[in-house]
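The values are calculated or read from the model by the stated rules, or taken from the named source; none is laboratory data. Please read all numbers here as calculations on a predicted model, not as lab measurements. Here the Cβ positions follow ideal geometry from the backbone for every residue, glycine too, while neighbour counts run over all protein chains shown. The protein model used for the area step is the full one, side chains on, heavy atoms only, and it has no ligands, DNA or RNA in it. Shrake-Rupley method; radii C 1.70, N 1.55, O 1.52, S 1.80 Å.
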Amino acid sequence: MLYSKMYLTTLKEIPQDAEVPSHQLMVRSGMIKKISAGVYTWLPLGLRVLDKIRTIIRDELHKKDCNELMLPILLPAKPWKQTGRWEEYGQEMFKLQDRSNREFCLGPTHEEIVTETVKNTVRSYRDLPQFVYQIQTKFRDEPRPRFGVIRCKEFIMKDLYSFHADEECLHKGYAAISEAYHAIFRRCGLTFFPVDADNGTIGGSFSHEYVSESSVGETEFVICDSCGYSATIEVAPSKAPETESSESLLGLEEVSTPNVKTIEEVSSFFHVSPDKILKTVLYKDENNQHYLVVVRGSDEVNETKLKRIVKKDLVLCTQSTLPTGYLGPIQPTSFPIIADTYAIQIKNGICGAMKEDKHLKNVSYDRDWTADTIGDIRSLCNGDPCPRCKKPIAVKHGMEIGHTFVLNDRYTKPLETVFTDPSGATKTVLMGCYGIGVTRLVAAIIEQYHDDKGIVWPASVTPFHVEIMVLNPTDTDHIQCARSIEQELEKQGYEVLIDDRDLSPGIKFKDAELIGIPHQIVLGRGLKEGVVEYQNRQDREKKNIPFDDIASYVNERLKEELHDICNRSNTGLQ
RNA sequence: CGGAGAGUGGCGCAGUUUGGUAGCGCGCGUGGUUUGGGACCACGAGGUCGAAGGUUCAAAUCCUUUCUCUCCGACCA
């Protein structure tokens with residue numbers, strides 16, 4: 001492919017509205033163009049990467065006997081109402097009506113529709129299990145689209161659904177898809193972690209999130225190097241060890257502390273570490289009932305855990321008549337107190353006195369305060385004991401690239417999807433669902449594969465395998481030479497981009513670095529001696545190679561790379 | 001939805017405080033000189049300054065309303 005014929009424009013400067021590296025590089029390298037917040041055009045270069053990923057996904061799923069189909073995007077309201085998600089999904093769903101006011105939505109996910117599809121076509125246990133998937137555009141009215149293609153209103157997802165006669169078969173299917181997921185992410189070159197996850201509104205019994213490690217990710221998770229335990233921060237349990245401190249109780253004191261409000265301020269005022277402070281946060285539910293939530297000053301309230309314990313939707317209370325900055329779980333108070341297991345172990349601690357400019361010193365549980373509910377409401381921190389093996393755990397950030405769920409009959413029951421078992425009895429079909437954010441995956445790869453000059457594509461997903469830079473494109477012999485290398489490489493199944501633009505060499509080098517094609521060949525002044533220059537995008541290695549050998553040299557390196565990327569271990573959990 | 005910031009040729013920005021009818025760099029076009037790390041010279045095209053309304057002899061600039069975008073938070077397979 002000739003660069004001069006390609007619809008591709010690069011940008012020298014960083015677009016003002018792009019914050020994270022992958023977003024900046026995708027825009028600068030001409031992969032995507034923003035049309036509106038969270039809505040992007042995929043330009044030819046970006047589409048090539050997307051297609052590579054789709055091919056990898058199809059390939060691995062077909063190995064597990066999955067069938068590709070295509071569900072509609074315009075979805076009738078009825079099945080959504082039957083499962084309760086027409087309301088439950090809320091504002092995130094794009095809803096619309098046709099000319100006769102029939103209700104529809106733009107598919108945010110497809111559990112209901114695939115179940116409608118399968119219903120009555122799968123009739124007997126002999127028809128099960130079944131695995132069907134699609135690679136389809138999804139629509140979600142995100143409150144805040146972000147980070148380019150990472151969080152969009154419109155995005156491409158691979159969604160797979162499995163249908164089973166019994167639980168054993170469902171779990172076997174789930175395991176098979178996990179294998180496929182490992183293979184897919186590995187082939188994309190990603191370092192990733194499968195972690196225990198919260199199943200959210202999608203329902204069902206358990207689920208795993210696949211997280212690609214990255215600083216821009218919105219998922220926080222923990223991982224234990226010793227035993228391999230991993231879970232999202234919402235799920236990973238935290239429990240204080242049941243050891244009684246031998247510290248003797250000191251007398252309660254009220255201390256005047258004007259303008260000492262934050263944990264840091266309190267900590268330095270009293271010369272104590274934050275884990276001796278009772279952090280008291282005010283929450284309220286939808287009925288305006290307030291709650292005092294107590295954790296150690298060194299801990300963060302984990303709202304997902306909190307909501308799970310209270311079994312109510314709570315929001316942080318930012319305005320109240322209480323003396324913010326001087327809150328404490330001190331009786332008498334009319335609010336229920338919810339305390340973390342670590343917080344109640346604090347002896348001789350510090351807390352707000354529930355009046356302006358005053359703190360209490362030497363506060364201890366039982367003697368000075370009690371909680372109405374004690375439970376796990378804090379997030380695990382770096383170095384905390386692993387919930388499984390008690391060795392220190394690590395907290396990491398990442399991007400959710402896939403999510404799998406065991407759904408059981410969450411959808412098949414309300415949608416009355418049944419089959420006949422061997423004894424002739426009618427039973428409800430069991431179901432699993434498995435998603436991969438395909439467009440997000442492109443960003444995840446770039447987050448892990450870039451340097452200060454641009455993208456550094458892994459060979460498996462690169463838009464082109466090889467770029468040939470012709471420094472003197474007006475010389476038709478040089479173009480001919482490039483064409484012959486291209487031909488030879490294409491015979492091996494590789495894609496080649498020839499930069500034949502009549503521009504100064506510097507521009508070509510810079511663009512090549514930005515676009516990030518892994519193997520680059522420079523045709524320049526060495527050509528009359530029959531020599532070309534080879535450059536590797538990743539390690540910046542440069543060497544001269546005889547023109548006659550270059551194609552086979554690149555072929556060898558690519559073969560090796562593609563082989564390696566399929567076989568190396570990319571998670572710490574295997 | 002709460003908080004913060006930004007909208008000026010394709011891209012990045014200055015000009016707004018103190019109103020006088022729009023400028024710089026890159027890119028783009030033509031011609032020429034260059035040709036191994038974003039070259040140089042000359043000429044040229046391209047903007048109702050996000051939109052609407054108002055104040056004024058005069059508005060990118062002041063006032064009002066509104067739209068869009070970005071970031072932090074809330075929210076979220």
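When you check A:Pro129 against the structure, is it more than 18 Å from A:Val438 (Cβ to Cβ), within 14 Å of RNA strand B (Cβ to nearest atom) and open to solvent by 20 Å² or more (accessible area, probe 1.4 Å), yes or no?
Working: more than 18 Å from A:Val438 (Cβ to Cβ): yes; within 14 Å of RNA strand B (Cβ to nearest atom): no; open to solvent by 20 Å² or more (accessible area, probe 1.4 Å): yes.
Judged against the criteria, A:Pro129 is not a match.
The strands (runs of 3 or more DSSP E) located wholly in segment A:47-126 that include 2 or more residues which are modelled with pLDDT under 95 occupy A:94-97.
Just one of the listed residues (A:Gly493, A:Gly516) is surrounded by 24 or more Cβ atoms within 10 Å (Cβ to Cβ), more than 10 Å from RNA strand B (Cβ to nearest atom) and modelled with pLDDT of 95 or more, namely A:Gly516. Cβ separations smaller than 7 Å between residues 6+ apart or across chains give the following pairs from segment A:259-281 residues that are of a type in the set (S, T, N, Q) to residues that are in a helix (DSSP H, G or I): A:Ser267/A:Pro274; A:Ser273/A:Ser267. Evaluation of A:Arg144 against the conditions (1) open to solvent by less than 20 Å² (accessible area, probe 1.4 Å); (2) near RNA strand B (Cβ under 9 Å from one of its atoms) shows that the sole unmet condition is (1).
May I ask you to verify whether A:Glu13 is among the acidic types (Asp, Glu), within 10 Å of RNA strand B (Cβ to nearest atom) and closer than 30 Å to A:Leu471 by Cα? Break it down into steps so the answer makes sense when it comes.
Numbers: among the acidic types (Asp, Glu): yes; within 10 Å of RNA strand B (Cβ to nearest atom): yes; closer than 30 Å to A:Leu471 by Cα: yes.
Answer is yes for this residue.
All told, A:Val149 meets the bar of being among the β-branched types (Val, Ile, Thr), within 15 Å of RNA strand B (Cβ to nearest atom) and within 23 Å of A:His450 (Cα to Cα). Scanning segment A:147-171 for residues that are over 17 Å from the mean Cα position of the chain (by Cα), open to solvent by 10 Å² or more (accessible area, probe 1.4 Å) and within 20 Å of A:Phe185 (Cβ to Cβ) yields no hits at all.
Residues in segment A:362-393 that are among the polar types (S, T, N, Q) and in a loop (DSSP other than H, G, I, E, B): A:Ser364, A:Thr370, A:Ser379, A:Asn382. Does segment A:408-443 hold any residues that are aliphatic (A, V, I, L, M) and either more than 20 Å from A:His171 (Cα to Cα) or not assigned by TED's automatic domain parsing to the domain that holds A:Ile57 (or both), and which are they? Within segment A:408-443, A:Leu415, A:Ala425, A:Val438, A:Leu441, A:Val442, A:Ala443 meet the criteria. Just one of the listed residues (A:Phe464, A:Phe547) is of a type outside the set (Ser, Thr, Tyr), crowded, with 16+ Cβ neighbours inside 10 Å, touching a Leu at 6+ places or on another chain (Cβ under 9 Å) and over 23 Å from A:Leu8 (Cα atoms), namely A:Phe547. Could you identify the single residue in A:Thr333, A:Thr318, A:Thr324, A:Thr304 that is in a loop (DSSP other than H, G, I, E, B) and open to solvent by less than 70 Å² (accessible area, probe 1.4 Å)? Matching residue, one of A:Thr333, A:Thr318, A:Thr324, A:Thr304: A:Thr333.
With the requirement that a residue be among the hydrophobic types (A, V, I, L, M, F, W, C), more than 13 Å from RNA strand B (Cβ to nearest atom) and in a strand (DSSP E or B), what does segment A:407-433 give you? Before the answer, list the steps.
First pass over segment A:407-433, keeping only residues among the hydrophobic types (A, V, I, L, M, F, W, C): A:407, A:415, A:418-419, A:425, A:429-431, A:433.
Within this subset, residues satisfying the condition of being more than 13 Å from RNA strand B (Cβ to nearest atom) are A:415, A:418-419, A:425, A:429-431.
Selection gives A:Val418, A:Phe419, A:Leu430, A:Met431.
Determine whether segment A:382-391 contains at least one residue that is crowded, with 16+ Cβ neighbours inside 10 Å and touching a helix residue (DSSP H, G or I) at 6+ places or on another chain (Cβ under 8 Å). Checked segment A:382-391: no residue is crowded, with 16+ Cβ neighbours inside 10 Å and touching a helix residue (DSSP H, G or I) at 6+ places or on another chain (Cβ under 8 Å). Exactly one residue among A:Thr417, A:Thr373, A:Thr426 is crowded, with 16+ Cβ neighbours inside 10 Å and farther than 30 Å from A:Ile150 by Cβ, and that residue is A:Thr417.
A:Gly84 meets all of the listed conditions (1) under 18 Å from A:Arg146 (Cβ atoms); (2) within 14 Å of RNA strand B (Cβ to nearest atom) but one, namely (1).
Strands (runs of 3 or more DSSP E) wholly in segment A:178-291 with at least 2 residues that are open to solvent by 30 Å² or more (accessible area, probe 1.4 Å) - which ones? So that I can check it myself, show each step before the final result.
Numbers: elements: A:192-196, A:206-213, A:219-223, A:230-232, A:253-256, A:278-284.
Because the criterion is at least 2 residues that are open to solvent by 30 Å² or more (accessible area, probe 1.4 Å), the strands (runs of 3 or more DSSP E) in segment A:178-291 that meet it are A:206-213, A:253-256, A:278-284.
Taking only segment A:350-361 into account, find how many residues are in a strand (DSSP E or B) and either surrounded by fewer than 24 Cβ atoms within 10 Å (Cβ to Cβ) or among the polar types (S, T, N, Q) (or both). So the answer is 3. Look at (1) more than 16 Å from RNA strand B (Cβ to nearest atom); (2) within 27 Å of A:Glu253 (Cα to Cα) and you find that A:Thr324 fails only one, number (1).
If I go through segment A:73-91 residue by residue, how many of them are within 29 Å of A:Val442 (Cβ to Cβ) and surrounded by 14 or more Cβ atoms within 10 Å (Cβ to Cβ)? Write out each step before concluding.
Just the residues of segment A:73-91 that are within 29 Å of A:Val442 (Cβ to Cβ), to begin with: A:73-75, A:85, A:89-91.
Then keep just the ones that are surrounded by 14 or more Cβ atoms within 10 Å (Cβ to Cβ); that gives A:73, A:75, A:85, A:89.
Summing the residues that are within 29 Å of A:Val442 (Cβ to Cβ) and surrounded by 14 or more Cβ atoms within 10 Å (Cβ to Cβ) in segment A:73-91 gives 4.
Results for (1) of a type in the set (Ser, Thr, Tyr); (2) away from RNA strand B (no atom under 12 Å from the Cβ); (3) in contact with a His (Cβ under 7 Å, 6 or more places away or on another chain), shown as yes or no for each residue.
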| position | (1), (2), (3) |
| --- | --- |
| A:Ser29 | yes, no, no |
| A:Thr41 | yes, yes, no |
| A:Pro44 | no, yes, no |
| A:Trp80 | no, yes, no |
| A:Cys105 | no, yes, no |
| A:Thr117 | yes, yes, no |
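Does at least one position in segment A:496-509 carry a residue that is in contact (Cβ under 8 Å) with a residue 60 or more places away in the chain, open to solvent by 70 Å² or more (accessible area, probe 1.4 Å) and outside the structural domain of A:Phe185 (by TED's automatic domain parsing)?
The answer is no; no qualifying residue exists.
If you take the residues in segment A:292-301 that are in contact with a helix residue (DSSP H, G or I) (Cβ under 6 Å, 6 or more places away or on another chain) and of a type outside the set (D, E, K, R), which one is surrounded by the most Cβ atoms within 10 Å (Cβ to Cβ)? Once the filter is applied, the top-ranked residue is A:Val294. Among the residues of segment A:101-119, how many are open to solvent by 30 Å² or more (accessible area, probe 1.4 Å) and closer than 16 Å to A:Leu71 by Cβ? The total comes to 5. Would a scan of segment A:365-378 turn up a residue that is at pLDDT 95 or above and among the aromatic types (Phe, Trp, Tyr)? Checked segment A:365-378: no residue is at pLDDT 95 or above and among the aromatic types (Phe, Trp, Tyr).
The residue of segment A:444-458 that is surrounded by the most Cβ atoms within 10 Å (Cβ to Cβ), among those that are out of contact with any Gly (no Cβ under 8 Å at 6 or more places or on another chain) and part of a loop (DSSP other than H, G, I, E, B), is A:Lys453.
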